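For reference, the structure discussed in these notes is given below.
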């Protein structure tokens with residue numbers, strides 16, 4: 001079980017704490033994640049997905065939308081984040097050329113999507129702030145289409 005799994009929390013990794021911290025970080029977040037190793041890791045992770053035009057990807061913890069510009073042409077993206085301040089920063093990056101992007105405020109540990117909606121999920125840096133990693137993983141797994149049928 002993850003840190004704090006199954007119990008309500010106050011303090012680090014609680015939703016209230018994360019809203020407060022990410023509201024404060026929102027103006028400088030892109031500077032931090034745009035640096036060397038983090039930027040390379042984000043790019044490599046997205047490249048490994050090899051997303052194709054028409055595929056739909058979930059960005060759980062989209063924060064400021066720094067990963068949106070890394071998506072390929074024709075990709076449909078749905079980004080969710082708990083922080084209204086981070087989503088406001090992400091909205092400033094819209095539109096993303098060649099991509100259809102939807103942003104929603106939601107708790108990544110309780111994703112509001114139907115089963116098998118997405119072709120892939122991107123969970124960049126989100127594990128460091130959620131209080132229940134199992135809920136995040138199970139929700140993302142549930143929302144991913146595991147088998148594609150060929151026409």
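Seen from all sides and averaged, what is the projected area of the convex hull of the Cα atoms in the range 15-143, in nm²? Please list the in-between numbers first.
Details: hull surface 28.3 nm².
In nm², the orientation-averaged hull projection of the range 15-143 is 7.1.
Once you keep just the Cα pairs under 8 angstrom separated by 6 or more residues, what percentage relative contact order results for the range 15-143? Before the final figure, lay out each step's value.
Values: 210 pairs, mean separation 33.0, N = 129.
Result for the range 15-143 is 26 percent.
By how many nm would the segment from residue 50 to residue 100 grow when fully extended, if each residue of separation counts as 0.36 nm and the alpha-carbon distance is taken off?
Details: separation 50, 0.36 × 50 = 18.00 nm, distance 1.70 nm.
Working it through step by step, the gained length comes to 16.3 nm.
Along the principal axes of its C-alpha atoms, what lengths does the range 52-97 span, in descending order and rounded to whole Å?
For the range 52-97, the Cα spread along each principal axis is 30, 18, 12 Å.
Short version: what are the Cα gyration tensor semi-axes of the range 67-138, square root of 5 times each eigenvalue, largest first, in whole Å? List each step's numbers first, then the result.
Numbers: eigenvalues 88, 46, 24 Å².
So the three semi-axes of the range 67-138 are 21, 15, 11 Å.
Diagonalise the Cα gyration tensor of the range 23-78 and give the resulting equivalent ellipsoid semi-axes, square root of 5 times each eigenvalue, largest first, whole Å.
Values: eigenvalues 94, 38, 12 Å².
The answer is 22, 14, 8 Å, longest axis first.
How would 145, 58 line up from fewest to most surrounding beta-carbon atoms within 10 angstrom?
Numbers: 145 14, 58 23.
Ascending number of Cβ neighbours within 10 Å: 145, 58.
Here, each number is a calculation from the coordinates, and none is a lab measurement. Here the structure is a predicted model, which means the values were calculated and not measured. Counting neighbours? That spans all protein chains shown, and the Cβs are built from the backbone with ideal geometry, glycine included.
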